[in-house]
Amino acid sequence: MNKSNGFTTQRVHADRQLNTPVHGAVHEPISTSVLFEYAKAQNLVDVFQGHKAGHVYSRSSSGSVNALQNIINDLEGGVGAVCFSTGMAAISSTILSLFAAGDHLIVSQYLFGNTRSFFATLAGLGVQISYVDTTCAEDVAAAMQQNTCGVYCETIANPVTQVSDISGISALCEQHNLLFMVDSTMTPPPLFDAKSQGVALIFSSLTKYIGGHGNALGGAVIDTGIFDWTRFSRIAPMYRGAEPAQWGLTQIRKRGLRDLGATLSPESANSLAIGIETLGLRLDKACNNALKLAIFLEQHPAVAKVFYPGLKSHPQNNRCSQLFKYFGAILSFELQPNSDPLAFLDSLNLILCSTHLGDNRTLALPVAQTIFYENTAEQRMEMGISDNLIRMSVGIEEHEDLLTDLAQGLDLLG
Ligand SMILES: *Cc1c(COP(=O)(O)O)cnc(C)c1O
């Protein structure tokens with residue numbers, strides 16, 4: 001496909017050009033067949049043995065999911081992508097398929113809560129985990145051990161918006177041959193070009209900005225082609241058949257997708273592929289809105305503190321300008337002490353009180369009482385989460401409407 005196309009041009013023409021819809025259709029159709037027929041038995045044998053491309057059973061591959069994988073891979077400029085039923089499935093299935101007891105991983109201490117919980121499960125299986133402050137590459141270097149195999153972090157963490165030192169960590173990973181894995185859910189293209197920053201495996205919850213409409217779950221892992229799999233001892237001999245660039249994805253497809261079985265449905269694949277067409281337009285609007293809201297909130301007397309990478313007061317404001325096209329569309333803010341965050345949320349007329357993020361609609365929720373309620377008060381304090389912290393996922397509404405709603409709610413707090 002023509003790489004000189006603009007971002008949105010590429011997105012709206014990708015399905016038709018990367019895939020092979022019939023009858024002149026512009027979308028790959030939803031293909032629901034679980035099984036696939038082979039008129040010649042030898043052809044089925046060849047597909048099973050990897051000598052020929054084809055589908056054998058839709059848990060492992062199907063037309064609709066392959067079409068989405070092509071589109072996602074094109075979006076990130078990788079050597080291939082594997083899609084899963086959810087973002088958590090992409091993360092857990094990939095990591096379970098690549099690491100084993102005795103390996104050591106360096107993991108960000110600022111993680112999406114469910115991912116953090118998954119790493120606790122992984123530790124129970126014998127993989128050693130060190131949690132470090134990934135906003136500082138020196139801290140990552142200091143945590144390295146003889147058996148360290150990889151580093152895992154997020155681009156912009158949720159809810160307090162810490163920004164990892166992506167370029168510092170990628171240099172370290174290159175030097176020491178570590179697999180650099182980044183959850184880029186908060187910063188899909190065109191916000192962030194993970195490949196150009198040395199990320200080896202990109203994780204994305206397609207449920208969020210990529211889909212964008214809150215109507216389909218999905219996840220993906222994309223191999224950027226940066227990592228040399230011939231130097232990764234955990235690839236089983238049977239998955240070293242193809243060119244080395246595909247070794248990692250081959251093992252992820254077999255041991256992750258096929259064996260663990262968290263397959264994306266063809267209906268969801270189709271919804272997500274359509275969502276991607278407007279990704280650039282939606283992010284542009286949502287990120288611009290978020291900056292306007294953050295500036296407004298920072299000046300409001302009912303607000304004690306605002307966390308948003310686009311503000312000069314944010315500790316990684318400079319790094320963010322270098323890494324990202326915009327500052328993202330997630331922001332958090334603390335109400336003044338003794339304000340009731342639940343009463344504030346109840347007073348909003350337009351903004352939805354809801355979990356989830358990356359939606360077209362602006363959403364808000366009380367953080368300590370919901371997504372971090374499983375953590376102790378002490379753990380929350382370490383993560384910078386106070387009891388009156390509100391997280392907002394800013395949508396694509398006209399910003400004037402959002403400001404009006406926030407202003408009336410904050411004024412009620414008096
Ligand atoms: C939502 C989210 C996930 C999990 O994705 P699901 O599709 O909900 O399973 C992982 N990482 C981050 C940063 C997320 O925001």
*asked:* Checking a compactness column here: for the chain, what do you get for Rg(Cα) / (2.2 N^0.38 Å), N being the number of residues?
replied: 1.00
_With loop defined by DSSP as not H, G, I, E or B, and exposure as at most 11 other Cβ atoms within 10 Å, which is the longest segment of the chain clear of exposed trypsin sites (Lys or Arg not before Pro)?_
41-311
*Report, ordered by chain and residue number, the aspartates and glutamates lying within cross-link reach of residue 292, taken as a straight Cα distance under 13 Å and ignoring same-chain residues fewer than 8 apart.*
284, 397, 398, 400, 401
*asked:* List the lysines whose Cα sits under 29 Å from the Cα of residue 285, skipping any in the same chain fewer than 8 residues away.
replied: 3, 195, 208, 305, 312, 325
*Size of charge dipole - the chain - debye, nearest 20, with Cβ of Lys, Arg +1 and Asp, Glu -1, no other charges*: 1240
*If you find the alpha carbon centre of the stretch 292-360 and of the stretch 13-57, how far apart are they in angstrom?*
45
*Classify the stretch 1-74 as rounded, prolate or oblate from the Cα gyration tensor: take a ≥ b ≥ c as the square roots of its eigenvalues, call it rounded if a/c is under 1.5, otherwise prolate when a/b beats b/c and oblate if not.*
prolate
_chymotrypsin sites (Phe, Trp or Tyr not before Pro) within the stretch 339-414: DSSP coil, no more than 12 neighbouring Cβ in 10 Å_ = 373
*Pull out the extension gain between residue 378 and residue 136, defined as 0.36 nm times the separation in residues minus the alpha carbon to alpha carbon distance; nm, one decimal.*
84.9 nm
*How far apart, in nm, are two points set 7 Å out from the Cα along the Cα-to-Cβ line at residue 52 and at residue 411?*
7.1
*From the backbone phi of the stretch 260-277, what are the Karplus-calculated ³J(HN,Hα) couplings (6.51 cos²θ - 1.76 cosθ + 1.60, θ = phi - 60°) in whole Hz, Gly and Pro given as x?*
8, x, 8, 7, 6, 7, x, 5, 5, 4, 5, 4, 5, 4, 6, x, 4, 4
_Square roots of 5 times each gyration tensor eigenvalue, C-alpha, the stretch 92-161, largest first, Å_ = 19, 16, 9
*So how much slack lies between residue 39 and residue 167, counting 0.36 nm per residue of separation and subtracting their Cα-Cα distance, in nm?*
40.9 nm
*Just for the Cα atoms in the stretch 55-197, what are the lengths along the principal axes, largest first, rounded to whole Å?*
45, 35, 31
*How about the stretch 339-414: which GluC sites (Glu not before Pro) there lie in a loop by DSSP and see at most 12 other Cβ atoms within 10 Å?*
374, 398
_Semi-axes of the equivalent ellipsoid for the stretch 201-280, Cα gyration tensor, largest first, Å_ = 29, 14, 9
_Summed residue charge, Cβ within 15 Å of residue 91's Cβ, Lys/Arg positive, Asp/Glu negative_ = 0
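The numbers here are math on the coordinates, done by the rules we state, and not lab data. Keep in mind the model is a prediction, meaning the values are calculated, not measured. As a convention, Cβ positions derive from the backbone with ideal geometry for all residues, glycine included, and neighbour counts pool all protein chains shown.
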